[in-house]
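First comes the structure, then the notes that go with it.
The values are calculated or read from the model by the stated rules, or taken from the named source; none is laboratory data. Keep in mind that this is a model prediction, so the values were computed, not measured. All Cβ positions, even for glycine, are placed from backbone atoms using ideal geometry, and neighbour counts span all protein chains on display.
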There are 2 protein chains.
Amino acid sequence: MDDASAAVRNKPPSVDRLLGLAKEDMAGVDALIRERMQSPVSVIPALAEHIIEGSGKRLRPLLTIASARVAGAEDDACLKLAAAVEFIHTATLLHDDVVDSSELRRGKVAAHLIWGAPSSVLVGDFLFARAFELMVEAGSMAALEILARASRVIAEGEVLQLTRAHDLGLTEEVYLDIIRAKTAELFAAAAEAGAVSAGAAPARRAELRKFGQDLGLAFQLVDDALDYSGSSEALGKNPGDDFREGKATLPLIHAMARSGPEERAFWTRTVDLREQGEGDFERACELMVRTGALEATLGLAADYAASAKAALAAFSGSNSWRPALEDLADFAVARRK
Amino acid sequence: MDDASAAVRNKPPSVDRLLGLAKEDMAGVDALIRERMQSPVSVIPALAEHIIEGSGKRLRPLLTIASARVAGAEDDACLKLAAAVEFIHTATLLHDDVVDSSELRRGKVAAHLIWGAPSSVLVGDFLFARAFELMVEAGSMAALEILARASRVIAEGEVLQLTRAHDLGLTEEVYLDIIRAKTAELFAAAAEAGAVSAGAAPARRAELRKFGQDLGLAFQLVDDALDYSGSSEALGKNPGDDFREGKATLPLIHAMARSGPEERAFWTRTVDLREQGEGDFERACELMVRTGALEATLGLAADYAASAKAALAAFSGSNSWRPALEDLADFAVARRK
């Protein structure tokens, strides 16, 4: 191992290498996003800018770009698809915040608290439609099929979450169904659409889809773990939101399964009946650590990240995009916000 | 004039002839709608059925079918597009009802009052995505372009309405901009998508689009007039909703323009400040008639219906779909619900 790679190995995982490779492409995606969020109806760009400008890393469009490039794309067809992916994501965030009555999003006051829920719903619709206009411009019926399907699956996942999220009897299996639909599907579709725009062979396309899906699962699992451990500034949302809302995420499912009668009574009171008082969130966090629930959740995330990286085996090592995508999988698990 | 046509002329305008011609096609559209509103997440078909099952005549998909057939379509490509058009319409209805906090829709309790606003928002998203899946199956990039654009324009119109609707200084011009976007655009796109699926020449396609747009304007103008004159059972919504919500529609714009100081004070109190008491709605309806505001609104609707019919001039009279489409324009103006 030479000094340079030793230095790389000692650094915490980051997406810097990927961001460096994708810099020019992402500047193009950014320009497209800014151009297409415009409208003569002034509330639309104002609200869209608020949500789009957040501190987000634009991981989903980055995934579309990186998938296209690792699969050999030489033209810029992937840029419009990447912008479309970000618009779909942003539309779902706007609708989610209304659905969950969230107060913070990406460290900023949620849009519906500034412009009202009706505007958030309608601007979400606008961005969703804009996404499809961009896909039509990109001219790929296969990408349209992938992203239309993903949009439908996401909505199904959101409704499933809405009807089951407060169910303390939620199984790990149903929880995984929910996050596979509401989060991992868009990562999978983002990667697959990139592959399609590069004219990738069916096997490569399926592998990149698998990479995106497993990456998305790892991301959501870590998100759910951080909700019991992160700080507000780092998270860009309030830690404890899931606890306060009584959302049955995997950490909670594990903690429940590893609880004695007294702890069970605590979870029933605080999550099921949502009778919460001072110190309850701190006790919940402590139980998450003590029962090993957080560790189990992060362990599963690490498994998915490893599976994501394994899906890239057939992509040539001579292509520098592959290690950059591997960084992304490592980052998904190592991040603390 | 023979006896049969004399009898036809004495009957009030109806869409019976059109419904008869389109019977088989619409049965196919109906089957598609039922099939594609299914989901393993049970709230989705339940809520979708509630909104889709309303007393609506499915005028928009009917327009897609009729446009395709009048333009010579011989295959069934238009059926999927027609179902997609109805899904887009239904999605916007679900979101509108949340945005407006409406209590009735098509004569039934609004879905968000039964399943909650979050489910209405998310099932709207589901139906919107399903619409794009259907368009992808239909395989026409041109139809996708038309309906993606329409979806975006509708959202812009809804936001414009949201920000300007309570503005008593709204001009007729801005009002027409709003209804052109939020209502007429989908009628225009429904007709144009039908024409495209028939492989119509650009001129025929533009004429059918124009027919749809003018028909949509006539429909919305009559809707806004009926809100000051219809009865609850006939309308399928509460008459006076626009008045109670302080919505600046064309009848109100005309009534304001034709009011003396005393009447102006009435409108300012009831619509601008929304201080309404017993008898106010009745007085509003009486002023609508006395000032000629209703007549002017219905007159403009009749002008648009005539313009819609004129747009069909190039379609052969030997094709029975043309007179059936003309019936639809007449019906738009003559209907009392």
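Structure data summary
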| item | result |
| --- | --- |
| Residue that is farthest from B:ALA332 (Cα to Cα) [pool: residues in the stretch B:22-31 that are more than 19 Å from the chain's Cα centre (by Cα) and surrounded by fewer than 20 Cβ atoms within 10 Å (Cβ to Cβ)] | B:ALA31 |
| Odd one out for B:THR64, checked against (1) modelled with pLDDT under 80; (2) polar (S, T, N, Q); (3) part of a helix (DSSP H, G or I); (4) within 30 Å of B:GLN161 (Cα to Cα) | (1) |
| Checklist (1) in contact with an Asp or Glu (Cβ under 8 Å, 6 or more places away or on another chain); (2) within 30 Å of A:ILE65 (Cβ to Cβ) applied to A:THR270, failing item | (2) |
| Answer residue from the stretch B:226-267, given it is hydroxyl-bearing (Ser, Thr, Tyr) and either buried (at least 20 other Cβ atoms within 10 Å of the Cβ) or within 18 Å of B:LEU298 (Cβ to Cβ) (or both) and is modelled with the lowest pLDDT among those | B:SER231 |
| Matching entry among A:LEU273, A:LEU300 (being touching a residue at least 60 places away in the same chain (Cβ under 8 Å) and either surrounded by fewer than 16 Cβ atoms within 10 Å (Cβ to Cβ) or not charged (D, E, K, R) (or both)) | A:LEU300 |
| Residue match in the stretch B:313-322 (condition: surrounded by 15 or more Cβ atoms within 10 Å (Cβ to Cβ), touching a residue at least 24 places away in the same chain (Cβ under 8 Å) and hydrophobic (A, V, I, L, M, F, W, C)) | yes |
| Qualifying residue in the stretch A:308-329 (condition: in contact with a His (Cβ under 8 Å, 6 or more places away or on another chain) and on the phi < 0 side of the Ramachandran plot) | no |
| Any hit, the stretch A:167-182, residues being among the β-branched types (Val, Ile, Thr), over 16 Å from the mean Cα position of the chain (by Cα) and surrounded by 24 or more Cβ atoms within 10 Å (Cβ to Cβ) | no |
| The listed residue being free of Cβ contacts under 8 Å to residues at least 24 places away in the same chain, under 18 Å from the mean Cα position of the chain (by Cα) and buried (at least 19 other Cβ atoms within 10 Å of the Cβ), out of B:ALA66, B:ALA110, B:ALA131, B:ALA82 | B:ALA110 |
| Failed condition for A:LEU170, given (1) more than 12 Å from chain B (Cβ to nearest Cβ); (2) free of Cβ contacts under 8 Å to residues at least 12 places away in the same chain | (2) |
| Failed item, numbered, when B:LEU93 is tested on (1) surrounded by 23 or more Cβ atoms within 10 Å (Cβ to Cβ); (2) at pLDDT below 95; (3) hydrophobic (A, V, I, L, M, F, W, C) | (1) |
| The listed residue being within 13 Å of chain B (Cβ to nearest Cβ) and either touching a Ser or Thr at 6+ places or on another chain (Cβ under 6 Å) or in a helix (DSSP H, G or I) (or both), out of A:LEU160, A:LEU176, A:LEU208, A:LEU215 | A:LEU160 |
| Residue check for A:ALA193: of a type outside the set (Lys, Arg), under 15 Å from A:LYS80 (Cα atoms) and buried (at least 17 other Cβ atoms within 10 Å of the Cβ) | yes |
| Hits in the stretch A:198-219 - residues which are among the small types (Gly, Ala, Ser) and within 22 Å of the chain's Cα centre (by Cα) | A:ALA206, A:GLY212, A:GLY216, A:ALA218 |
| One residue from B:VAL153, B:VAL123, B:VAL98 being modelled with pLDDT of 95 or more, of a type in the set (Val, Ile, Thr) and within 25 Å of A:LEU160 (Cα to Cα) | B:VAL123 |
| Helices (runs of 4 or more DSSP H) contained entirely in the stretch B:238-302, each with at least 1 residues that are closer than 29 Å to B:ASP214 by Cβ and among the small types (Gly, Ala, Ser) | B:250-257, B:280-290 |
| Qualifying residue in the stretch A:36-50 (condition: more than 14 Å from chain B (Cβ to nearest Cβ) and either touching a Leu at 6+ places or on another chain (Cβ under 9 Å) or not polar (S, T, N, Q) (or both)) | yes |
| Residues being outside any helix (DSSP H, G or I), more than 9 Å from every other protein chain (Cβ to nearest Cβ) and either closer than 19 Å to A:ALA190 by Cα or among the basic types (Lys, Arg) (or both) - total across the stretch A:102-141 | 4 |
| B:LEU144 being crowded, with 24+ Cβ neighbours inside 10 Å and at the interface with another protein chain (Cβ under 8 Å from one of its Cβ atoms) | yes |
| Search result, residues across the stretch B:85-99 that are out of contact with any Lys or Arg (no Cβ under 7 Å at 6 or more places or on another chain), more than 8 Å from chain A (Cβ to nearest Cβ) and either of a type outside the set (A, V, I, L, M, F, W, C) or without any contact (Cβ under 8 Å) to a residue 12 or more places away in the chain (or both) | B:THR90, B:ASP96 |
| Positions within the stretch B:257-288 being of a type outside the set (D, E, K, R) and over 27 Å from B:GLU103 (Cα atoms), in sequence order | B:ALA257, B:SER259, B:GLY260, B:PRO261, B:ALA265 |
| Residue check, B:ALA181 without any contact (Cβ under 8 Å) to a residue 40 or more places away in the chain, within 8 Å of chain A (Cβ to nearest Cβ) and over 20 Å from B:HIS254 (Cα atoms) | no |
| Criterion violated by B:GLY56 - all others in (1) under 17 Å from the mean Cα position of the chain (by Cα); (2) in a helix (DSSP H, G or I) satisfied | (2) |
